[in-house]
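Note sheet for the following structure.
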Amino acid sequence: MDFELSEENRIFREAIRDFAQKEIAPLVDEAEEKNEFPRQLFPMMGAQGFLCPRYPVELGGGGGDKITECIMVEELNYVNAGIAGSLMAQSGLATQPIYNYGSDEQKEKFLIPAIQGKKIGAFGLTEPNAGSDAASIKTRAVRDGDSYVINGTKIFITNGPICDYVVVAAYTDPTKRGEGINLFIVEKGTPGFTVPRKLDKVGNRSIETGELVFEDCRVPAKNMIGDKEGGGFAQIASTLLSGRITYGSRCVGNAQAAYDMTVKYAKERVQFGKPIIQFQATRFKLAEIATLIDVMRTYTYRVAWMHDAGKNVKREGPMVKLFCAENLQKILSDCMQIHGGYGYMMEYPIQRFWRDGRLFTITEGTSEIQRLVIARESGY
Ligand SMILES: Cc1cc2nc3c(=O)[nH]c(=O)nc-3n(C[C@H](O)[C@H](O)[C@H](O)COP(=O)(O)OP(=O)(O)OC[C@H]3O[C@@H](n4cnc5c(N)ncnc54)[C@H](O)[C@@H]3O)c2cc1C
């Protein structure tokens with residue numbers, strides 16, 4: 001058993017940390033204020049193989065493993081969850097189905113430019129009346145000659161307002177619940193595809209999140225991912241499973257940043273004649289947070305390692321997301337408490353991490369859904 005990161009992983013961490021601090025951190029305040037993703041980051045990161053570190057070098061990726069991707073996600077989230085979330089949607093949700101199940105032509109046209117940061121991708125599964133119960137989506141794709149005609153509405157879609165293409169889940173056969181779903185690549189500018197609303201969020205404000213509408217939207221049949229009708233639900237499930245591991249690192253990055261700024265604040269803030277870090281109540285909270293972060297990080301790496309080793313992680317993937325996202329809530333609450341009234345002021349950064357991290361028990365499968373899956377995979 002080896003708990004050390006590999007030499008490659010360590011070098012990668014240094015490089016991505018340096019990039020995040022130098023190139024991303026200065027953009028955060030403006031992005032948060034304007035609710036706009038700094039789009040120049042896509043090509044900048046793509047050129048260095050940072051955007052999609054796990055895809056093969058031949059496709060423009062970093063040639064790394066799942067742990068490499070986790071390191072990237074942790075370092076980006078340490079700086080800003082919104083920017084990280086937008087980039088994660090590209091490296092995970094929007095490109096993985098094409099990488100795993102797409103045709104050579106789809107890889108050439110959509111995957112490689114996305115890895116290079118020349119195209120921005122989005123992933124459209126959730127609908128106004130179908131969130132946790134994804135199999136109840138209403139979007140339909142009906143075959144008509146060499147095309148499919150798509151009708152439906154998607155909601156809460158990360159990168160929706162800025163995407164060049166979206167991978168959309170739609171029923172080709174609505175009589176087969178779950179089984180009759182397929183994924184389609186729909187390009188921006190396709191008649192019938194619109195983004196009528198950019199959504200205003202409590203946190204993760206540098207992600208641009210949208211509502212997507214498809215009205216008699218005709219896409220070439222070759223834009224369907226996979227070579228037969230049906231089977232899209234399995235493609236979605238494998239994409240989400242991989243994302244649940246990465247989500248552990250999203251939580252770790254946010255938690256580590258909140259912890260570091262709280263330790264600093266507690267050393268500086270003086271009450272009753274001494275820095276508040278000297279009060280046992282503060283020290284115990286911080287000691288518990290440090291312990292939780294270590295366990296969250298170590299467990300995430302373990303399951304990332306299992307994933308790389310080709311082991312079944314259908315139970316452990318949801319465990320990572322559940323454990324990390326739930327414990328993050330306690331961490332953020334304690335960090336806010338240690339900051340006192342100043343923490344609640346917009347001028348102190350802890351409020352942003354607190355608002356951003358609140359999302360993590362909700363998106364990419366709520367904590368309740370992770371518990372349901374863990375129970376099912378445990379055989380009860
Ligand atoms: C900022 C943001 C970005 C997002 N990005 C994307 C994206 O890029 N692409 C995409 O497709 N989706 C995206 N989503 C959607 C996200 O995945 C869903 O919000 C999430 O899956 C939950 O669905 P819902 O919001 O409809 O909640 P609901 O499913 O309505 O759930 C409401 C509550 O009921 C609980 N609940 C539901 N069913 C059960 C059950 N069987 N047992 C116990 N409790 C249950 C839930 O846990 C939750 O607490 C995003 C969401 C947000 C907020």
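Looking at the chain as a GNM with Cα springs under 10 Å, which of K119, K264, K107 has the largest mean-square fluctuation?
Greatest mean-square fluctuation among the candidates belongs to K264.
Label points 7 Å out from Cα along the Cβ direction at E347 and N312: separation in nm?
Modelled inter-label distance: 5.7 nm.
Collect residues whose amide H, placed 1.01 Å from N in the peptide plane, falls under 5 Å from the amide H of E127; neighbours closer than 5 in sequence don't count.
When sequence neighbours closer than 5 places are left aside, the close amide H contacts are I155.
So which chymotrypsin sites (Phe, Trp or Tyr not before Pro) in the stretch 316-353 are both in a DSSP loop and have at most 13 other Cβ atoms within 10 Å of their Cβ?
Answer in residue order: Y344.
About the Cα centre, and with charges only on the beta carbon of Lys, Arg (+1) and Asp, Glu (-1), how big is the dipole of the chain? Nearest 20 debye, please.
800
Select from V313, M345, T298 the residue farthest towards the positive end of the dipole of the stretch 298-380; place +1 on Cβ of Lys and Arg, -1 on Cβ of Asp and Glu, and compute about the Cα centre.
Toward the positive end, the furthest listed residue is V313.
With springs connecting C-alpha atoms under 10 Å apart, model the chain as a Gaussian network and identify which of F37, F279, F123 has the largest mean-square fluctuation.
Residue with maximal mean-square fluctuation among F37, F279, F123: F279.
Hey, rough spin-label estimate for A47 and K274, points 7 angstrom out along Cα→Cβ, what's it come to in nanometres?
The two pseudo-label positions are separated by 5.3 nm.
Pairs of Cα atoms under 8 Å, at least six residues apart: use those to get the relative contact order of the chain, whole percent.
Details: 685 pairs, mean separation 60.0, N = 380.
Once normalised by length, the contact order is 16 percent.
Of the accessible area of the chain, with the probe set at 1.4 angstrom, what percent is carbon plus sulfur? Present the calculation step by step, with values, prior to reporting the outcome.
Details: 8920 of 17040 Å².
Within the chain, the accessible surface is 52 percent carbon and sulfur.
Going through the stretch 223-272, which chymotrypsin sites (Phe, Trp or Tyr not before Pro) have at most 10 other Cβ atoms within 10 Å and a DSSP loop state? Could the numbers behind the result be given before it?
Details: sites: F233, Y247, Y259, Y265, F272; in loops: F272.
Here the sparse-neighbourhood loop sites are F272.
What angle, in degrees between 0 and 90 and rounded to the nearest 10, separates the Cα long axis of helix 316-343 from the longest principal axis of the Cα atoms of the chain?
40
How long is the gain from T194 to T291 if the chain were fully straight, where each residue apart is worth 0.36 nm and the alpha carbon distance is subtracted?
Extending this stretch completely gives an extra 30.3 nm.
Can you pull out the GluC sites (Glu not before Pro) in the stretch 299-380 whose DSSP state is coil and whose Cβ has at most 11 other Cβ atoms within 10 Å? Before the final figure, lay out each step's value.
Numbers: sites: E316, E326, E347, E364, E368, E377; in loops: E347, E364.
Passing both the DSSP loop test and the Cβ count: E347.
Please compute the modelled spin-label separation between V202 and K267, points set 7 Å along Cα→Cβ, answer in nm with one decimal.
Placing both labels 7 Å beyond Cα along the Cβ direction yields 3.2 nm.
What's the angle, to the nearest 10 degrees (0 to 90), between helix 232-268's Cα axis and the longest principal axis of the chain?
Once rounded, the angle reads 20 degrees.
Compute the relative contact order of the stretch 247-380 as a whole-number percentage, counting only Cα pairs closer than 8 Å that sit 6 or more residues apart in sequence.
On the way: 125 pairs, mean separation 42.0, N = 134.
Worked out over the stretch 247-380, it gives 31 percent.
I'd like the per residue volume of the convex hull spanned by the Cα atoms of the stretch 247-379, given in cubic angstrom.
Details: hull volume 13.3 nm³, N = 133.
So the per-residue Cα hull volume is 100 Å³.
Per 0.36 nm of contour for each residue apart, how much would the distance between R10 and A234 grow if the chain were fully extended, relative to their Cα-Cα spacing?
Numbers: separation 224, 0.36 × 224 = 80.64 nm, distance 3.37 nm.
Stretched out fully, the R10 to A234 stretch lengthens by 77.3 nm.
Got the relative contact order for the stretch 148-257 handy, in percent, Cα pairs under 8 Å and 6 or more residues apart?
Values: 180 pairs, mean separation 36.8, N = 110.
It comes to 33 percent, rounded to a whole number.
Find how much the distance from R143 to S333 grows on full extension, using 0.36 nm per residue of separation minus their present alpha carbon separation; answer in nm with one decimal. Don't skip to the end; give the middle numbers.
On the way: separation 190, 0.36 × 190 = 68.40 nm, distance 5.06 nm.
Once the chain is fully extended between R143 and S333, it gains 63.3 nm.
Taking the Cα atoms only, what angle lies between the long axis of helix 66-79 and the longest principal axis of the chain, rounded to 10 degrees?
On a 0 to 90 degree scale, this one is about 60.
In whole Hz, with x marking every Gly and Pro, tabulate ³J(HN,Hα) for the stretch 297-310 from phi via Karplus 6.51 cos²θ - 1.76 cosθ + 1.60, θ = phi - 60°.
So the J values, rounded to whole Hz, are 5, 5, 5, 4, 4, 4, 6, 4, 5, 4, 4, 4, 7, x.
Over the Cα atoms of the chain, how large are the radius of gyration and the largest Cα-Cα distance (Dmax), in Å?
For the chain, the Cα radius of gyration and maximum Cα-Cα distance read 21.0, 79 Å.
What cysteines in the chain have no other cysteine with a beta carbon less than 4.7 Å from their beta carbon?
C52, C70, C163, C217, C335
Using the Kirkwood radius built from alpha carbon pairs, what does the Stokes-Einstein equation give as D for the stretch 166-272 at 10 °C and 1.306 mPa s, in µm² per second?
It diffuses with D of about 90 µm²/s by this estimate.
Counting Lys and Arg as +1 and Asp and Glu as -1, each charge on the Cβ, what is the dipole of the stretch 253-351 about the Cα centre in debye, to the nearest 20?
Numbers: 13 positive and 9 negative charges, 40 e Å.
Dipole magnitude for the stretch 253-351 comes out near 200 debye.
Report the Cα-based extents of the stretch 144-205 along its three principal axes, largest first, to the nearest Å.
Principal axes ranked by extent give 39, 27, 15 Å for the Cα atoms.
Counting only heavy atoms of the protein chains, get the accessible area per residue of the chain (1.4 Å probe) and round it to a whole Å² value.
Values: 17040 Å² over 380 residues.
Solvent-accessible surface per residue comes out at 45 Å².
Only Cα pairs within less than 10 Å get springs; with that Gaussian network setup on the chain, which residue of G231, G121, G61 has the largest fluctuation?
Evaluated over the chain, the most mobile residue of the options is G231.
The values are calculated or read from the model by the stated rules, or taken from the named source; none is laboratory data. Computed from a predicted structure; not experimentally measured. Every residue, glycine as well, gets a Cβ built from its backbone with ideal geometry; the counts of neighbours run over all protein chains shown. Surface accessibility is based on the protein's heavy atoms, side chains included, excluding ligands, DNA and RNA. Shrake-Rupley method; radii C 1.70, N 1.55, O 1.52, S 1.80 Å.
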